[in-house]
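See below for the structure under consideration.
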Amino acid sequence: MMNIIHAKQLVTLAGPPRARRGKEMRDLRIIDDGAISIEGGKVAWAGKTDDLPDRQAESFDASGKVLLPGFVDSHTHAVFVRPRADEFEWRIEGTPYMEILARGGGILNSVRTVRECTTLSVRFADRFLEHGTTTIEAKSGYGLNREHELRMLEAMQLEHTLEVIPTYLGAHALPAEFNDNRDVFINQVLDDLEAVRARNLAEFCDVFVEPGAFTVDEGRRIFTKAKSLGMHIKMHADEFKSSDGASLAAEVGAVSADHLGAVTDEGITRLANSEVVATLLPSTLFMLGETRYAPARKMIERGAAVALATDFNPGTSPTVNMQFVMTLACSQMRMTPAEAICASTINGAAAVRRADRLGSIEPGKQADFAVYDVGDYREIPYYAAVNFCIATFKRGVLIYAKDRGMRPEFQ
Ligand code: NIG
Ligand code: FE
């Protein structure tokens with residue numbers, strides 16, 4: 001049993017265990033001078049410090065600070081080997097991202113290094129925790145054959161403090177040797193799905209549906225098979241050019257459609273009228289130097305459920321910082337700070353089917369939250385690219401404190 005006391009703002013996001021839409025996204029349910037009591041890794045009680053039921057327990061003093069639910073970063077490619085700073089420079093000098101891929105670089109470069117590396121791991125797990133993220137989704141997709149896709153998914157099972165939810169992304173790019181027989185590759189992915197499922201290595205299946213990657217029809221074939229195996233669907237949809245991926249996401253009942261930088265008006269309507277979470281990844285477009293972002297305002301106003309994520313990967317988005325992603329969401333997509341927080345917590349949890357357990361601070365939920373050294377939640381996106389997280393709790397345990405470092409060093 002442990003208490004957190006005197007949070008200046010305890011931002012609870014209390015409410016229904018599902019993605020929030022439209023005006024609901026602004027309703028953060030903040031408790032001033034808030035307290036939490038934790039038992040068995042879960043929130044047992046949350047309310048005003050004055051009303052705390054048991055004052056005897058050990059307590060963490062959060063005076064003057066803001067508490068947020070742990071960020072659920074629902075879209076990452078966190079298992080990789082080599083940073084691609086060379087490509088970063090090539091892009092600055094004028095070569096577009098999809099052209100680097102067409103020349104055998106980009107994703108295919110990461111594939112080469114993953115296949116050569118004997119020990120794979122979730123990269124930057126501690127850094128996620130230091131920035132207030134307590135759960136991530138992570139995708140395979142740098143193996144692109146059975147052996148190495150399975151190795152990537154196995155590496156995700158090894159990370160235990162940061163919660164990692166694995167997604168099979170066997171159709172991330174077409175390896176050069178399949179250039180003249182795409183169907184052989186797709187059939188291989190369909191077979192590999194069975195191997196993934198048989199080993200219970202991934203709960204979601206994703207496909208990069210994009211001109212230059214995979215078509216809507218190829219996506220549909222893979223998703224249909226994944227669903228028949230009991231997997232859930234996530235999707236890279238309409239990232240740079242529209243191939244009406246959003247409509248495919250609605251058609252196959254995807255849990256989320258991600259990116260949507262080039263979503264059509266019709267696509268927005270289809271998403272808004274579905275259960276699909278529209279996951280926006282503004283740091284990707286920012287790092288690619290794009291000036292056009294996903295139409296978040298239109299999506300929220302039409303009633304779509306919007307989530308935010310980092311897309312952490314060595315190509316397009318080398319950041320783990322959800323606070324910075326919220327800054328971009330506010331400044332570039334005109335989301336309000338409240339909407340950005342909702343999109344990064346409960347809606348991120350919904351995008352990985354965990355809204356019943358994660359994404360808010362209320363009785364029964366897993367006690368995952370972080371403490372920020374600001375007095376008003378709006379200051380978190382307002383101060384750009386500053387990490388205000390000073391403490392992170394996972395399942396009720398203080399696993400990171402700025403002044404003491406990362407567990408187990410100080411425990
Ligand atoms: O979400 N677009 C496809 N996949 C990643 C990039 C992966 C990479 O470049 O390594 C993305 O942007
Ligand atoms: Fe991605």
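Would you mind stating whether residue 176 is touching a helix residue (DSSP H, G or I) at 6+ places or on another chain (Cβ under 8 Å), within 17 Å of residue 230 (Cα to Cα) and in the same structural domain as residue 263 (by TED's automatic domain parsing)?
Details: touching a helix residue (DSSP H, G or I) at 6+ places or on another chain (Cβ under 8 Å): yes; within 17 Å of residue 230 (Cα to Cα): no; in the same structural domain as residue 263 (by TED's automatic domain parsing): yes.
No; evaluated as a whole, the condition is false for this residue.
I need the full set of residues from segment 152-168 which are in a helix (DSSP H, G or I) and open to solvent by 50 Å² or more (accessible area, probe 1.4 Å), in order please. Full working, then the answer.
Initially, segment 152-168 is screened for residues in a helix (DSSP H, G or I), giving 152-157.
Passing the criteria: 154, 157.
Would you check if residue 144 is without any contact (Cβ under 8 Å) to a residue 40 or more places away in the chain and in contact with a Pro (Cβ under 6 Å, 6 or more places away or on another chain)? Steps first, please.
Numbers: without any contact (Cβ under 8 Å) to a residue 40 or more places away in the chain: yes; in contact with a Pro (Cβ under 6 Å, 6 or more places away or on another chain): yes.
Taking the combined requirement at face value, the residue satisfies it.
For segment 127-174, name all the residues that are within 20 Å of residue 315 (Cα to Cα) and within 13 Å of the chain's Cα centre (by Cα).
Listed by number, the residues that qualify are 128, 136, 137, 138, 139, 166, 167.
Provide a single number: the residues in segment 139-151 that are surrounded by 23 or more Cβ atoms within 10 Å (Cβ to Cβ) and either within 15 Å of residue 200 (Cα to Cα) or more than 13 Å from ligand 1 (Cβ to nearest atom) (or both). Let's see the steps before the verdict.
Residues of segment 139-151 that are surrounded by 23 or more Cβ atoms within 10 Å (Cβ to Cβ), as a first pass: 139-144, 149.
Subsequent filtering for residues that are either within 15 Å of residue 200 (Cα to Cα) or more than 13 Å from ligand 1 (Cβ to nearest atom) (or both) retains 139-140, 149.
The number of residues fulfilling the criteria is 3.
Hey, can you tell me all the residues within segment 246-271 that are in contact with a Ser or Thr (Cβ under 6 Å, 6 or more places away or on another chain), within 16 Å of ligand 2 (Cβ to nearest atom) and over 22 Å from residue 222 (Cα atoms)?
Of everything in segment 246-271, just one residue is in contact with a Ser or Thr (Cβ under 6 Å, 6 or more places away or on another chain), within 16 Å of ligand 2 (Cβ to nearest atom) and over 22 Å from residue 222 (Cα atoms), namely 262.
Which residue out of 327, 291 is polar (S, T, N, Q) and without any contact (Cβ under 8 Å) to a residue 12 or more places away in the chain? Break it down into steps so the answer makes sense when it comes.
Values: 327 fails: without any contact (Cβ under 8 Å) to a residue 12 or more places away in the chain.
Among 327, 291, only 291 is polar (S, T, N, Q) and without any contact (Cβ under 8 Å) to a residue 12 or more places away in the chain.
Being touching a residue at least 24 places away in the same chain (Cβ under 8 Å) and either within 16 Å of ligand 1 (Cβ to nearest atom) or small (Gly, Ala, Ser) (or both) is the filter here; which residues of segment 254-276 pass it?
254, 256, 258, 259, 260, 261, 262, 263, 267, 272, 274
Only residues in segment 223-236 that are assigned by TED's automatic domain parsing to the domain that holds residue 76 count as the first member; pair them with residues that are at pLDDT below 95 and outside any helix (DSSP H, G or I), Cβ under 7 angstrom, at least 6 apart or cross-chain, and list the lot.
Note: no pairs meet the criteria.
Give the residue, chosen from 316, 327, that is out of contact with any strand residue (DSSP E or B) (no Cβ under 7 Å at 6 or more places or on another chain) and more than 12 Å from ligand 1 (Cβ to nearest atom).
Within the list 316, 327, the selection yields 327.
Could you list all residues from segment 40-62 that are assigned to a strand (DSSP E or B) and either aliphatic (A, V, I, L, M) or surrounded by 15 or more Cβ atoms within 10 Å (Cβ to Cβ) (or both)? Break it down stepwise before answering.
The initial filter retains those residues of segment 40-62 that are assigned to a strand (DSSP E or B), namely 42-48, 58-61.
Matches in segment 40-62: 42, 43, 44, 45, 46, 47, 59, 60.
Among 27, 73, 54, which is within 28 Å of residue 317 (Cβ to Cβ) and among the acidic types (Asp, Glu)?
Numbers: 27 fails: within 28 Å of residue 317 (Cβ to Cβ); 54 fails: within 28 Å of residue 317 (Cβ to Cβ).
Just a single option satisfies the conditions, and that option is 73.
Residues being open to solvent by less than 20 Å² (accessible area, probe 1.4 Å), closer than 16 Å to residue 149 by Cα and free of Cβ contacts under 8 Å to residues at least 40 places away in the same chain: count how many of those fall in segment 100-136.
Adding up the residues that qualify gives 1.
The values are calculated or read from the model by the stated rules, or taken from the named source; none is laboratory data. Here the structure is a predicted model, which is why all the values come from computation and not from measurement. FYI the Cβ positions are ideal-geometry reconstructions off the backbone, even for glycines, and counts take in every protein chain you see. For accessibility, only protein heavy atoms count, side chains too; no ligands or nucleic acids. Shrake-Rupley method; radii C 1.70, N 1.55, O 1.52, S 1.80 Å.
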